[in-house]
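A.B. asks: Have a look at this one.
The values are calculated or read from the model by the stated rules, or taken from the named source; none is laboratory data. Model, not experiment: these values are computed from the prediction. Please note: Cβ atoms are built from the backbone with ideal geometry, for glycine as well, and neighbour counts cover all protein chains shown. Just the protein is used for accessible areas: all its heavy atoms, side chains included, with ligands, DNA and RNA removed. Shrake-Rupley method; radii C 1.70, N 1.55, O 1.52, S 1.80 Å.
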Amino acid sequence: MCGIVGYTGKALALSPVLEGLRRLEYRGYDSAGIALVVKKGEPLWIEKRAGKLSNLEDSLADTHPDAHSGIGHTRWATHGGPTDTNAHPHLDNEGKLALIHNGIIENYVELRAILEKRGHVFKSETDTESVVHLLSDARKEHKGDLAAAMRDVCGQLRGSFTLLAIHSDEPGRIVGARRNSPLVVGVGDGENFLASDVSAFISHTKHALELGQDEVVDITDSKITVTDLSGKVLKPREYEISWDASAAERGGFPHFMLKEIYEQPKSIADTLIGRTAGLDTEITAGINLEGISKVVIIACGTAYHAGLVGKYAIEKWASVPVDVELASEYRYREPSVDKSTLVIPISQSGETMDTLMAMRYARTHGARVFAVCNTNGSTIPRESDAVLYTHAGPEIAVASTKAFTAQLIAMYLIALHLGSVRGVIDKKFVSEIGIELAQLPAKVEQILETVEPLRELTRKFKDSGSMLFLGRNVGYPTALEGALKLKELAYMHAEGFAGGELKHGPIALIDQGTAVIAVMPTSTSPLYEKMASNVQEVKARGAVVIAIGDVDLESAAHNIRIPSSHDFLQPVLAVVPLQVIAYEMAVARGNDVDQPRNLAKSVTVE
Ligand code: F6R
């Protein structure tokens, strides 16, 4: 969703602000804009454009405003279409105060009515513009103190927001605030940054400060002050960013998605390091895992599919019932939760609004929360009792790949740990699975080395109207994930089904030439023959079947071989060809691979 950058320091601000926006492009957006303080007390310098950042950059060719502070924004439209006028920053009527915003202001209609009565003239259809006018009035009431005005305004807002504001009367000062939406501070040498996430400033500094809920931050090039909404000064947590700038760059690959698919051997190995014999106490110190009667996994999209695989492993290895819930459904259902419930939110970004809210609901009802997250310092791990970090590194492509396989690994590790704590499995079993887990990076590597024919095969289906995905047991969530990837990237109708469900309706979709991808169980699984029968059923009705499995299936038109593994671990391998199919299909259809239409990386609104 929206990307936010603020810079104040010795450099000409346009360059670090543009660079930050470029690094935040992966979040998904449909317009971009920048405001800079060029001259004290004069109207701000501002440029904004609908469409890609390159539109804004084109309009800035040969422009070098003499400004040392400014803010920039990539907008993912919620209120009002993606036009130049609706793009952020928004200005007050004097043109001296600029504001950018991520999130949704729920009471903007009533605020707008009040502000229009006071004489403010609105130019856009956005919810954000109400805030800039409100802030303008508040600043006057607080005798020109922008931070005090921001605290006052935050108290009047309902909804979720990250806000950044600058005023031309105070060059070099940027004030920000956050509620249910991310904002981090980058601490530099003679320069400071504010951003939606650390990738915006990672090439300038690796030293960051975490901001909590309802906190206001006030920065200059040499000073950072954080307060709560009452003005009490707080000490934010400092941390060092372990990612380096090159991790957030394409490194020779044509797209981030392909790079991230190829990074999976490393991200899986990194997530496993030191954990195959059990989770150490540093991870589990904050949480008592004894006496749990139920596990609830909460997540959205791809992370939800990782949770579905986790259910199979946790129920079998830890012998405890598991529900897997779509966070957006769970949070509004008033589900029954108590202190014997272990809630596992799974989130790459750690900022997904629905997951965060669902988790907060469970926590206030007494549940223990053990998060799985890829982003250090983000809100979900901060509000959890314990966190198992996946070490997938920065995932820039909107469609999740390496974060998914790392989440699967986290699910297996938690299942093994819970099984041990509950006395269901012994050390020998843990070490046997540990050996299997440790082999996964090399097996994924092997798949990636032989992926070329699959890319060629995929191109043959480029003009298909639809693709269906079948799986059983852990292959079912894998099929769902394959279908989601194809929808997101190829904009093609795709659906995943459990093999056993076919006859209960979906088989009616099969026609001459329908492309069906069958995620076969491992050849030693008792379900292998059942799935082979499902393939026969669709083939008999004209389907062209592509089978993914550890042996060739005679009835399939095409076979994609993956190495054999323990049944439960197979999704880590089977999903790789599915990711490649979606990637190649998007390329073949001329789609924007890294930023598919209408999607955002970090879904910070509901
Ligand atoms: C799909 C995808 C999304 C995310 C979902 C949750 O490729 O990326 O479905 O998985 O929006 O995001 P996180 O994991 O950040 O909570």
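A.B. asks: Could you calculate the FRET efficiency of E94 with H504 from 1/(1 + (r/R0)^6), where r is the beta carbon distance between them and R0 is 60 Å, rounded to 0.05?
C.D. replies: That pair, E94 with H504, gives E of 0.40.
A.B. asks: Now for a different question. List the lysines whose Cα lies under 27 Å from the Cα of K503, skipping any in the same chain that are fewer than 8 positions away.
C.D. replies: K311, K485, K487, K530, K539
A.B. asks: Additional query: Once a ≥ b ≥ c are taken as the square roots of the eigenvalues of the Cα gyration tensor of the range 364-505, is the result rounded (a/c under 1.5), prolate (a/b larger than b/c) or oblate (a/b not larger than b/c)?
C.D. replies: Verdict is prolate for the range 364-505.
A.B. asks: How high is the relative contact order of the range 3-247, in percent, counting Cα pairs under 8 Å that sit 6 or more residues apart?
C.D. replies: Answer for the range 3-247 is 20 percent.
A.B. asks: Report the relative contact order of the range 256-445, percent, no decimals, based on alpha-carbon pairs under 8 angstrom and at least 6 residues apart.
C.D. replies: In percent, rounded to a whole number, it is 33.
A.B. asks: Among all the lysines, which ones have a C-alpha under 18 Å from K143's C-alpha, if same-chain residues fewer than 8 places away are not counted?
C.D. replies: Partners found: K40, K96.
A.B. asks: Here is a follow-up. Report the one residue of Q570, T458, Q512 whose Cα lies farthest in the direction of the positive end of the charge dipole of the range 452-588 (charges on C-beta: Lys and Arg +1, Asp and Glu -1; origin at the Cα centre).
C.D. replies: Comparing the listed Cα positions along the dipole, Q512 ranks first.
A.B. asks: Pop out the carbon and sulfur fraction of the accessible area of the chain as a percent, whole number, probe 1.4 Å.
C.D. replies: 50 percent
A.B. asks: Compute the long axis of helix 146-156 from its Cα atoms, compare it with the longest principal axis of the Cα atoms of the chain, and write down the angle in degrees, 0 to 90, nearest 10.
C.D. replies: Helix 146-156 sits at roughly 60 degrees to that axis.
A.B. asks: Treat each spin label as a single point 7 Å out from the Cα along the C-beta direction, and report the T85 to Q156 distance in nm.
C.D. replies: My value for the distance between the label points is 2.4 nm.
A.B. asks: Treating only the Cβ of Lys, Arg, Asp and Glu as charged (+1, +1, -1, -1), what charge dipole size does the chain show about its Cα centre? Round to the nearest 20 debye.
C.D. replies: Dipole about the Cα centre, nearest 20: 560 debye.
A.B. asks: Just the accessible area per residue of the chain, please: how many Å² with a 1.4 Å probe?
C.D. replies: 37 Å²
A.B. asks: Also, quick follow-up: Take every Cα pair under 8 Å in the range 505-551 that's 6+ residues apart, average their separations, divide by the length, and report that relative contact order as a whole percent.
C.D. replies: 54 percent
A.B. asks: Still on this structure, please answer the following. Give me the extension gain from H365 to A540: residue separation times 0.36 nm, minus the current Cα-Cα distance, reported in nm with one decimal.
C.D. replies: Working it through step by step, the gained length comes to 57.8 nm.
A.B. asks: Order of 490-502, 168-180 by packing, highest average Cβ count within 10 Å first?
C.D. replies: 168-180, 490-502
A.B. asks: Holding the Cα-Cα limit at 30 Å, pick out from K235/K402; K48/K601; K52/K206; K428/K601 the pairs that are longer than that.
C.D. replies: Exceeds cut-off: K235/K402; K428/K601.
A.B. asks: For R589 and D511, what does the FRET efficiency come to when R0 = 22 Å and r is the distance between their Cβ atoms, rounded to the nearest 0.05?
C.D. replies: 0.55
A.B. asks: Per residue of the chain, what 222 nm ellipticity follows from adding -39500 (n - 2.57) for every DSSP H run with n ≥ 4, rounded to the nearest 500?
C.D. replies: -10500 deg cm²/dmol
A.B. asks: Same structure, new question: Rounded, prolate or oblate: pick one for the range 3-247, where a ≥ b ≥ c are the square roots of the eigenvalues of its C-alpha gyration tensor, a/c under 1.5 means rounded, and failing that, prolate if a/b is larger than b/c, else oblate.
C.D. replies: It is rounded, given that a/c, with a ≥ b ≥ c, falls under 1.5.
A.B. asks: Could you work out how far apart the two model spin labels at A113 and S319 are, taking each label as a point 7 Å from the Cα in the direction of the beta carbon, and quote it in nm?
C.D. replies: 6.1 nm
A.B. asks: Cα gyration tensor of the range 256-445, axes a ≥ b ≥ c as square roots of the eigenvalues: rounded (a/c below 1.5), prolate (a/b > b/c) or oblate?
C.D. replies: oblate
A.B. asks: So if we plug the beta-carbon distance of D189 and E334 into 1/(1 + (r/R0)^6) with R0 = 56 Å, what FRET efficiency do we get, rounded to 0.05?
C.D. replies: Computed FRET efficiency for D189 and E334 comes out at 0.65.
A.B. asks: Taking the Cα atoms only, what angle lies between the long axis of helix 128-141 and the longest principal axis of the chain, rounded to 10 degrees?
C.D. replies: That helix lies at roughly 40 degrees to the long axis.
A.B. asks: Counting residues in the chain as N, plug N into 2.2 N^0.38 Å and put the Cα Rg over that result.
C.D. replies: Scaled against compact globular proteins, the figure is 1.00.
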